[in-house]
Structures are given as structure tokens and as C-alpha cells.
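Presented below is the structure to which this report refers.
Values in this text are rule-based calculations from the coordinates and carry no lab data. Please read these numbers as outputs of a predicted model, since none were measured by experiment. Quick reminder, even Gly has a Cβ in these numbers, built from the backbone with ideal geometry, and neighbours come from all protein chains shown.
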Amino acid sequence: MFLFGIVGAILSIKKKEGDNRRAKYLLAFLLMVPLSVIALVVETRYRFSIYPFFAIFAGYGIYRLMIDFKKDYKILIYSSVLLLGNTAFDVLRNFGRILERVGGFFK
């Protein structure tokens, strides 16, 4: 959902036809909710409030990719690279903790 949510957010902002003002408001809210909490407490439970917004953008992203994949596939690739790069950075940064937790499974 996160990958297609990013794709849908980018495609809704780039949308030429019609009015994308509502999508910009949703995206602004999507960005503001974590910013208001991150400075105070870093807990995964506070991220739950952004999932409905990602679901809206993910639905739009999947819809647009189904309609015109040849035109919009680059955004999917760029979003995938961004997400995989972030995951790799997080794994490298927390590699010791990951080994510690995985090692607990084999005892």
C-alpha cells in the first residue's frame, strides 16, 4: 500500500485534467500528521492515522497504472527505488539489532 500510495500521490499532483486541489489538501494532511507527532514521540501506533490517506492514493495509483501503464511506469520504478533504498539504509543502520533478534529465533 505504501508503494502505490506514493505512486498515487505523485500522479494526483501531476494530473493535468480537472481540479487536483482536493488531492493537494489530502497530501498536505498526509504529510502534516506524522510531522506533528515525530518530534514528540516515535511510536508506530501514531502512524496508523495516515493509512486511510495512503489507501486513497494507492487506489488512485493502481487505477492510473491500469489505465496507462506505459505512460506512468517510470513513477512506479522511481518510487520502488526510493522505497528499496530507504529499506536498505534502515537495514544497514540497524544491522546489529536485526542480528540480535534473528539470533533469538535459533536458540
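Some observations on this one:
- Of the residues F89, N20, F105, the one whose Cα sits farthest towards the positive end of the charge dipole of region 2-105 is N20 (charges of +1 on Lys and Arg Cβ, -1 on Asp and Glu Cβ, taken about the Cα centre).
- Angle between the chain longest axis and helix 95-105 axis [Cα atoms, degrees, rounded to 10]: 70
- Helix axis angle, 69-93 relative to the chain longest principal axis, alpha carbon, degrees: 20
- Cα long-axis angle, helix 2-14 against the chain (0 to 90 degrees, to the nearest 10): 30
- This model, with +1 at the C-beta of Lys and Arg and -1 at the C-beta of Asp and Glu, gives region 2-105 a dipole about its Cα centre of some 260 debye.
- Tensor-based shape of the chain (alpha-carbon gyration tensor, a/c under 1.5 rounded, otherwise prolate or oblate): oblate
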